[in-house]
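First comes the structure, then the notes that go with it.
Quick note: the coordinates plus some simple rules give every number you see, no bench work behind them. Please read all numbers here as calculations on a predicted model, not as lab measurements. No Cβ is skipped: glycine too gets one built from the backbone with ideal geometry, and neighbour counts run over all protein chains shown.
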Amino acid sequence: MPAPGNKIAPPAVVSQMRTFAKPGLRLVPATDDSAATAGAREKHLAGPENRDDFQRTFLPYLDAAYNLARWVLKNEADAQDVVQEAYLRALRFAGTFRGGDPRAWLLTIVRNTAYTWLSRNRSADPPVPFEDEQHPHEALPVDIELIRRADSRALRTAMEGLPTEFREIVVLRDLEGLSYKEIAEVAGLPIGTVMSRLARARSRLKQALHKLSYAGGRP
Amino acid sequence: MTCEDARQLLDAHVDRELDVVTDLEVTRHLSECARCAREVESLRALKKALGEGERAPEGLRQRIVNALGSSGAADREPVTRATWLPRYNAIAIPAALAAVLALVLMPRLFRVDQGEFLLREVVAAHVRSTQADHLTDVASSDRHTVKPWFEGKIDFSPPVSDFQGKTFKLVGGRVDYLDDRPVAALVYQHGPHVINVFVWPSDRSERGPSLVSRSGYNIDHFSYAGMNYWIVSDVGVDEMQKLAALLRS
């Protein structure tokens, strides 16, 4: 069966999101969704229609979910397992989703699931002193042409060489285009930390591409 | 704008995350500073080289759709059919049992979820308040200034103490939004640490403190004298407990 297209959720989906709100919660007064439908909502939550809503809302972000998991885990097969587990968790916690950005909400769960998986299945990576650069002021001047010519293998090696805490920020910002604010939400970090990690991550990536290109014998 | 200042903002400039005024200042600096201009060019090259994320592999989508479809207990088809029962009973009885189980279990699950969700909301509100200069809307260490400020902004009057002579110093207050309602946020300082105390009327009976931590923050929650209190901070557990005791005294 061919995978459906990866589209951004249409505006209609936004109104459907209310159906995830839990019964009994004080909802923000809504003109089109009054308390009279609370009973219907409750039934809705347990029924299969809810699952359709859930899929319509969150499946469009499968690619983003997969990319985040893949780069956190550095492994495609593990990423698939983690993404599946994350979607099941998301379905279980769909009641706590009350509007807002479904992508950020889903990615928060994917990220947590991935980190849980890492701590359970792999011995911790050798600690990388990611907060202090070894030679922060000795960064080599990087050849811009060299970055432009970097091939996918070099990029992958450079990315995988980053500490996970840095790599995930690059993935969310540069591969998936989340705003700083959304990244802060997903990673549970202050925006200032997102910014500094992103800057350091990019600087490291450039340095790594530089080194790789010389190590590979190319000019 | 100095070169040092501008250099801190180059990534945000490339990401179009700066406000208009700051962005203009950075742009002006770039026209004067070859080194920063070069840095911006290399950042753009890097972003372009990284490209976009990959598509998820074929099959993962279907795998997830299948998994989602079979994860529910309430509407799952029974897997085996008992031969000694009429066919419809084989479906109806487990379905009824599942429904009863769901009715019993779901409110519990929801309660847990709701607590966890509120916890995350409280932490997020704390984090937001420490960013971008939005810690207080009324800045004062005097409770006689802070308390009246809330009047007309929220539909209750929060108890405000300035703990004269204690290590906790009242810094000010602001209105925040939690648990689907406007709440009072009282801001205290303990050494270099900022402490947010969120207060709103409680419809529950009194509840003792329950201390947890999330994302590196300690959060204490209790109900006292008809009010919900949520304390969030990066101070240690001991200080949290001291402040909770002071608020309850």
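Brief remarks follow.
- Per-residue shielding of A:142-151, expressed as the average number of other chain Cβ atoms within 10 Å of the residue Cβ, stands at 4.
- Relative packing of B:56-64, A:145-153, which averages over residues the other C-beta atoms within 10 Å, highest first: B:56-64, A:145-153
- Taken residue by residue and averaged, Cβ atoms of other chains lying within 10 Å of the Cβ of B:181-191 number 0.
- Using the average count of surrounding beta-carbon atoms within 10 Å as a protection proxy, the listed peptides B:14-22, A:102-110 rank, highest first, as A:102-110, B:14-22.
- Normalised radius of gyration (Cα atoms, divided by 2.2 N^0.38 Å) for the stretch B:176-242: 1.09.
- Euclidean distance between Cα centres, the stretch A:154-197 to the stretch B:227-245, Å: 32
- Loop-located GluC sites (Glu not before Pro) in the stretch B:144-249 whose Cβ has at most 13 other Cβ within 10 Å (DSSP): B:206
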